[in-house]
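K.L.:
Shown below is the structure under consideration.
The values are calculated or read from the model by the stated rules, or taken from the named source; none is laboratory data. Remember, predicted model here, so these are calculated numbers, not experimental data. Here the Cβ positions follow ideal geometry from the backbone for every residue, glycine too, while neighbour counts run over all protein chains shown.
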Amino acid sequence: MKETQLDRLKVENMQIDQVSSFSYLGTIVNGNNTLEKAIRERIAEGNKAFYANKMLFKSKLVSKKSKLKFYWSVIRPIVVYSCETWVLKESIIQRLSVFERKILRKIFGPTKKDNGIWIIKTNKELDELLNDRNIINYVKA
């Protein structure tokens, strides 16, 4: 395969290769300026932080309010690092919302109905519990 002028840049005695993407200050920069890969990696980092502290979220000795504060102060900042540069497309909003709801369901747990059946909280119930302090509004702010 022949290399073209676009593949390499020569500065004095150094040759610089063209790459499809690279990480700069915690953000992935690519040629077509999409954020999907960067968002996936931020969510993966948030999942690592969540699973590293999973025992805290499972503990019945820690209050739901404390768990929520821990999420807001430790895990959420990992996910939204450098969010000032993000352009929120519907796919990104969906991914971030799914990530946050997964953690909130672990924090608030299931609800027992009058007939004795346990069900997980709906998205609407989770939004009501947060009073519109969700991750999307946080990024937009």
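Every residue, every condition in (1) of a type in the set (A, V, I, L, M, F, W, C); (2) at pLDDT 90 or above, yes or no:
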{"position": "Asn32", "(1), (2)": "no, no"}
{"position": "Leu35", "(1), (2)": "yes, no"}
{"position": "Lys64", "(1), (2)": "no, yes"}
{"position": "Leu68", "(1), (2)": "yes, yes"}
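K.L.:
Specify the residue that is farthest from the chain's Cα centre (by Cα); the eligible residues are those in the stretch 42-82 that are of a type in the set (Ser, Thr, Tyr) and more than 14 Å from Lys106 (Cα to Cα).
P.N.:
Residues of the stretch 42-82 of a type in the set (Ser, Thr, Tyr): 51, 59, 63, 66, 71, 73, 81-82.
Subsequent filtering for residues that are more than 14 Å from Lys106 (Cα to Cα) retains 73, 81-82.
Values: Ser73: 14, Tyr81: 9, Ser82: 11 Å.
Ranking the qualifying residues of the stretch 42-82, first place goes to Ser73.
K.L.:
Would you point out the residue of the stretch 91-109, among those that are modelled with pLDDT of 90 or more and farther than 14 Å from Arg40 by Cα, that is surrounded by the fewest Cβ atoms within 10 Å (Cβ to Cβ)?
P.N.:
The selected residue is Lys102.
K.L.:
Checking the condition free of Cβ contacts under 8 Å to residues at least 12 places away in the same chain and of a type outside the set (A, V, I, L, M), which residue from Glu125, Glu36, Glu84 passes? Show your work before the answer.
P.N.:
Values: Glu125 fails: free of Cβ contacts under 8 Å to residues at least 12 places away in the same chain; Glu36 fails: free of Cβ contacts under 8 Å to residues at least 12 places away in the same chain.
After ruling out the rest, the residue left standing is Glu84.
K.L.:
In the stretch 59-90, what residues are surrounded by 12 or more Cβ atoms within 10 Å (Cβ to Cβ), of a type in the set (Val, Ile, Thr) and in a helix (DSSP H, G or I)?
P.N.:
Matches in the stretch 59-90: Val74, Ile75, Ile78, Val79.
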